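What follows is a single structure, written as structure tokens, with notes after it.
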């Protein structure tokens with residue numbers, strides 16, 4: 001009984017570690033051309049201003065940043081769900097999994113921010129930074145899909 005409990009706890013911990021590491025790897029992958037700024041400008045998304053404010057220690061309140069990131073995430077997720085065609089089915093399937101993983105990560109970071117904002121400004125800020133990177137990644141993916149559609 002004790003061995004089973006230990007195996008379950010260790011397995012769960014390893015899964016969480018794998019999940020977080022995979023999300024960080026996805027976010028650190030850079031594309032040849034970034035479309036995020038163009039998408040942000042054309043779709044009136046705030047994530048770039050929020051990233052700049054987080055980097056420079058700007059005057060924007062963390063709670064306002066969180067609300068802006070949630071709005072941007074909802075907008076860009078809706079655009080991605082609208083069915084922009086991908087290059088091929090295999091690429092589309094891979095991106096669906098990637099998007100689902102980043103979506104779960106975004107929701108977890110939202111919860112993490114809510115808890116951490118009461119105790120640690122550093123952890124809350126880190127959660128906001130990663131949330132903005134997720135929105136940027138999705139915006140870039142949307143821009144890539146639009147560019148591929150035009151070709």
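The values are calculated or read from the model by the stated rules, or taken from the named source; none is laboratory data. Because the structure is predicted, anything quoted here is derived from the model rather than measured. For neighbour counting, all protein chains shown are included, and Cβ atoms are generated from backbone atoms with ideal geometry for every residue, glycine included.
Any residue that is over 22 Å from residue 107 (Cβ atoms) and either exposed (fewer than 10 other Cβ atoms within 10 Å of the Cβ) or at pLDDT below 90 (or both) - is there at least one of those in segment 14-25?
First, pick out the residues of segment 14-25 that are over 22 Å from residue 107 (Cβ atoms): none.
Within segment 14-25, not a single residue is over 22 Å from residue 107 (Cβ atoms) and either exposed (fewer than 10 other Cβ atoms within 10 Å of the Cβ) or at pLDDT below 90 (or both).
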| task | State yes or no: is residue 139 within 19 Å of residue 28 (Cβ to Cβ) and either at pLDDT below 90 or in a helix (DSSP H, G or I) (or both)? | result | yes
| Residues (without any contact (Cβ under 8 Å) to a residue 40 or more places away in the chain and either in a loop (DSSP other than H, G, I, E, B) or in contact with a helix residue (DSSP H, G or I) (Cβ under 6 Å, 6 or more places away or on another chain) (or both)) located in segment 115-129 | 116, 118, 119, 120, 123, 127
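Mind checking which residues of segment 107-129 are surrounded by fewer than 20 Cβ atoms within 10 Å (Cβ to Cβ) and either within 21 Å of residue 48 (Cα to Cα) or under 16 Å from the mean Cα position of the chain (by Cα) (or both)? It would help to see each step written out before you state the result.
Here is the first cut: in segment 107-129, the residues surrounded by fewer than 20 Cβ atoms within 10 Å (Cβ to Cβ) are 107-108, 110-112, 114-123, 125-126, 129.
Once the filter is applied, which keeps residues that are surrounded by fewer than 20 Cβ atoms within 10 Å (Cβ to Cβ) and either within 21 Å of residue 48 (Cα to Cα) or under 16 Å from the mean Cα position of the chain (by Cα) (or both), segment 107-129 yields 107, 108, 110, 111, 112, 121, 122, 123, 125, 126, 129.
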